[in-house]
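First comes the structure, then the notes that go with it.
Computed from the coordinates by the stated procedures, all read-outs in this text should not be read as laboratory data. Bear in mind that the values here come from a model prediction, so they are computed numbers and not experimental data. Reconstructed Cβ throughout: ideal geometry from the backbone, glycine too, with neighbour counts over all protein chains shown.
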Amino acid sequence: MVAIALQDYAPDIDRNDFASLFQSIMLERNLSAVFQPIMDLRNRRFHGFEALIRGPAGSPLESPQRLFACARQSHRVGEFDQLCVRTAVEGFAAAGLPGHLFLNVTEALFDCGWFAQEPTLQWLQEHGLPPSRLVLELLESDALAEDTQAFVAAQFLRELGYELALDDLGQGFGRFALWKRLRPRYLKIDRSYVAGLADDPFKAAFVRSMLLLSEASRSVVVAEGVESERELLTLRELGVSMAQGYFIARPQARPAPEPAVPVHDALRDPQPALHSLASRGSIEQPLLGLARQIPPVAPQTRLDQVLRMLEQDSELTSVPVVDEQGRALGIINRYVVADRLFRPHVRDLFGNKPCTMVMSSDVLRLDARSSLRQATSLIADSSYRHATEGVLVTEDGHYRGLLLVGDLLRLVTEFQVQAARYANPLTLLPGNVPINDCLDRWLREERSFAAAYADIDHFKPFNDKFGYRMGDEIILMLAEVLRSRLAPQGSFLGHVGGDDFIALSRSAQWESELRGVLDGFEQAVARLVEPQVLAEQGYWAENRRGEATFYALPTLSIGAFVVEPACFESHREVANVLAELKRAAKRMNGHALFVDRRRHG
């Protein structure tokens, strides 16, 4: 495939000149590597880095395409690919980069068995890169047929701890056939499906279908070629867990180990906030209290010793691996170990090796200050293997404990029972207890937010005239308008009772959103009543004394203000101000928003 490309790349350069320059590069090992981060959109951290090889700067063979074209034409693909891997590993280790190293590997290097050889494994250990940190990414030009030695070698490499990846998914049926045969850990969606994704329903449908298939094969989807914030946010919304591209970071010889602030902030709110669950605790509480203090092992601990630990304690499913400085490196999981080591000859061969040979470093990680809600979201989007391993809880990278999925599920289930207990039975929105809990929590965080109290005017005569079913209908309509008009990220909506609602928001556009609520409610009422009632903007009904009285159609009054940090000590003080502002709004005519711009406290 690539062998025909040299003259297309540089028709004015003689093929012999290419061959001579390539020979010189091989002799002098004159290659360099740059690294492009692969970002985990769930925890906003770099999961790993893809190595990209470069030839001598400014030379005709600077580009990797020309280099591989020369390697194929000179029948030295395996030898050249081995040099590329060595260059990438040495550069990655020298830069001290965290996470996984993604390597583009040809079928020839699989075929020769180089990765499984003892000198190679020893060399990787010397550079601090056990097989579990390497992801071997099959180049698009290779098919890896099922009956070939390369395919058998790839399967064995997975047993040794290497991860496999498939590149350019979507480029032809052959890649799907290889996916089915190889079952790689990572699937990379071709950049052509990412460009313009936000405006192309076909591309979005393709990405969704890949996510469904990846769940069946327990693979992780990585989107390539992310060039804009909009593409990144669209991928996150669709459910893609990892991405790389120029918007995240350009390839560099020594890239930053963490995402830049604009990229990190673009994913500040990965999911709409869940409401608090009050009483005995909240899903917003720090997860550290639920993490188990499982004693870790050092990275040089022998595999046999870890196996004995697992055999002696049947309840122990995961063992954290922590270095001398206390930094969490990864997890050794009972089921992963069983899958890799309990095979003929494998345990005898590797029992004396360091436990990092079977350690998973691409594990779920969360800071000790993270909430149980964040842990729930992270686990919900993870693979089966990640779920069985648990979540490494760290503080500044240092091990603080291990959060087990079973513990989290039991507690979240209890919270859900509490949520149902305190929810309004009509709208199912959080009631008074969760509202007060959320207000107190936001006050403790000492960040400004807007608070609003919404109340329907003329509700009781409307309910008396048209019946409780219509009364319930108008309350449900208001709940839906509030849900749809308030920004889902950084907002909280509660139902006090009857026709009263509380809204809290950290959106910069909260005031315009509330005005949108007024418009939406007016339109909803117009759809609900009969044309004659709408035309007259009211109806006749008997008052409490039995007298015929004309009542206006229901309108909405909202009182709102900004809660500044350190101005209130509890939800009671905020509620008192909101009640005053609601009364001020109800004194205005028609649909009204009264905003108090005084500074309280």
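Could you state the per residue volume, in Å³, of the convex hull enclosing the Cα atoms of region 432-527?
90
Could you pull out which residues in region 89-115 have an amide N less than 12 Å from a spot 7 Å beyond the Cα of Ser74, following the Cα-Cβ vector?
none
Listing His591, His600 from the residue with the fewest other Cβ atoms within 10 Å to the one with the most, what is the order?
Lowest to highest Cβ neighbour count: His600, His591.
Please give every one of the lysines within straight-line cross-link reach of Lys203, meaning a C-alpha to C-alpha distance under 28 Å, and leave out same-chain neighbours fewer than 8 residues apart.
Lys180, Lys188
So what is the relative contact order for region 423-596, in percent, with contacts set as C-alpha pairs under 8 Å and at least six apart?
31
Please report, in whole Å, how far the alpha carbons of region 182-247 spread along each principal axis, starting with the longest.
31, 23, 18
Cα atoms only, region 373-509: Rg and Dmax in Å?
Radius of gyration, then largest Cα-Cα span, for region 373-509: 19.4, 65 Å.
Need the list of lysines near Lys582 for cross-linking: C-alpha distance under 23 angstrom, and skip anything on the same chain fewer than eight residues off.
Lys582 reaches Lys460.
If the only charges are +1 at each Lys and Arg Cβ and -1 at each Asp and Glu Cβ, what is the size of the charge dipole of the chain around the Cα centre, to the nearest 20 debye?
Dipole of the chain, to the nearest 20 debye: 1020 debye.
Report, by chain and number, residues whose modeled amide H sits under 5 Å from the one on Thr301, excluding near sequence neighbours (fewer than 5 apart, same chain).
Cys355
Taking 45 Å as R0, compute the FRET efficiency from the Cβ-Cβ separation of Glu569 and Ala338 and round it to 0.05.
Using R0 = 45 Å, I get an efficiency of 0.25.
Multiply the residue separation of Arg469 and Ala535 by 0.36 nm, subtract the distance between their alpha-carbon atoms, and state the gained length in nm to one decimal.
21.5 nm
For all pairs of alpha-carbon atoms in region 19-111, what percent lies in each bin of width 5 Å, listed from the first bin to the last filled one?
3, 14, 24, 22, 17, 11, 6, 3, 1, 0
Fewest to most neighbouring Cβ within 10 Å: what's the order for Thr87, Thr356?
With the fewest neighbours first, Thr87, Thr356 line up as Thr87, Thr356.
Once the Cβ-Cβ distance between Arg86 and Gln65 is put in as r, and R0 is 25 Å, what FRET efficiency do you end up with, to the nearest 0.05?
Plugging the Cβ-Cβ distance into 1/(1 + (r/R0)^6) gives 0.80.
Give, as ranges by residue number, the residues of region 564-583 whose backbone N falls under 13 Å from the point 7 Å along Cα→Cβ of Ser448.
In region 564-583, the label zone of Ser448 (backbone N under 13 Å from the point 7 Å along Cα→Cβ) covers 564-567.
Along the Cα-to-Cβ line of Glu511, 7 Å from the Cα, sits a label point; which residues in region 551-579 have backbone N less than 11 Å from it?
It comes to 561-562, nothing else.
For region 6-266, state what percent of all Cα-Cα pairs lands in each successive 5 Å bin, counting from 0 Å until the bin that includes the largest distance.
Cα pair-distance distribution for region 6-266, in percent: 1, 6, 13, 16, 18, 17, 14, 9, 4, 1, 0.
Can you sort Ile38, Ile456 from fewest to most other Cβ atoms within 10 Å of each residue's own Cβ?
Ile456, Ile38
Just subtract the alpha-carbon distance of Ser484 and Glu126 from 0.36 nm times their residue separation and send over the number in nm, one decimal.
So the extension gain works out to 123.2 nm.
For region 423-596, how big is the tail of P(r) above 23 Å, as a whole percent of Cα pairs?
40
Taking 0.36 nm per residue of separation and subtracting the Cα-Cα distance, what length does fully extending Asp407 through Thr549 add?
45.1 nm
Where Rh is the Kirkwood radius over the Cα pairs of region 103-142, the temperature 20 °C and the viscosity 1.002 mPa s, what D in µm²/s does Stokes-Einstein return?
Roughly 198 µm²/s, to the nearest whole number.
Provide the per-residue ³J(HN,Hα) series for region 306-312, in order, calculated from phi with Karplus coefficients 6.51, -1.76, 1.60 and θ = phi - 60°, each as a whole number of Hz, with x at glycine and proline positions.
Calculated HN-Hα couplings, in order: 5, 4, 5, 4, 5, 5, 7 Hz.
Mind listing the phi-derived Karplus ³J(HN,Hα) values for region 520-529, rounded to whole Hz, using 6.51, -1.76 and 1.60 with θ = phi - 60°, and x for any glycine or proline?
x, 5, 4, 5, 5, 5, 4, 6, 7, 8
Please give the calculated 222 nm ellipticity per residue for the chain, where each DSSP H segment of at least 4 residues contributes -39500 (n - 2.57) and the sum is spread over every residue; nearest 500 deg cm²/dmol?
The per-residue figure over the chain is -13000 deg cm²/dmol.
Work out the FRET efficiency for Asp313 and Glu258 from their Cβ-Cβ distance, taking R0 = 30 Å, and round it to the nearest 0.05.
My answer for the efficiency is 0.25.
At q = 0.11 Å⁻¹, what log₁₀ I(q)/I(0) does the chain have when each alpha carbon counts as one equal point scatterer in the Debye sum?
Evaluating at q = 0.11 Å⁻¹ gives log10 I(q)/I(0) of -1.07.
How long are the semi-axes of the ellipsoid equivalent to region 488-529, from square roots of 5 times the Cα gyration tensor eigenvalues, in whole Å, largest first?
Semi-axes from the Cα gyration tensor: 21, 15, 7 Å.
Can you run the Rg to Rh ratio on region 287-411? Use alpha carbon positions and the Kirkwood inverse-distance Rh.
0.97
Using θ = phi - 60° and the Karplus curve 6.51 cos²θ - 1.76 cosθ + 1.60, what whole-Hz ³J(HN,Hα) does each residue of region 32-37 get, with Gly and Pro shown as x?
For region 32-37, the Karplus-derived couplings read 9, 10, 10, 10, 10, x Hz, x marking Gly and Pro.
Relative contact order for the chain: what percent, with Cα pairs under 8 Å and sequence separation of 6 or more?
That works out to 10 percent.
List the equivalent ellipsoid semi-axes of region 484-579 in whole Å, largest first, each obtained as the square root of 5λ for an eigenvalue λ of the Cα gyration tensor.
They are 33, 18, 10 Å, listed from largest to smallest.
For the chain, what is the percent of antiparallel DSSP beta bridges, rounded to the nearest 5?
Counting DSSP beta bridges with both partners in the chain, the antiparallel share is about 65 percent.
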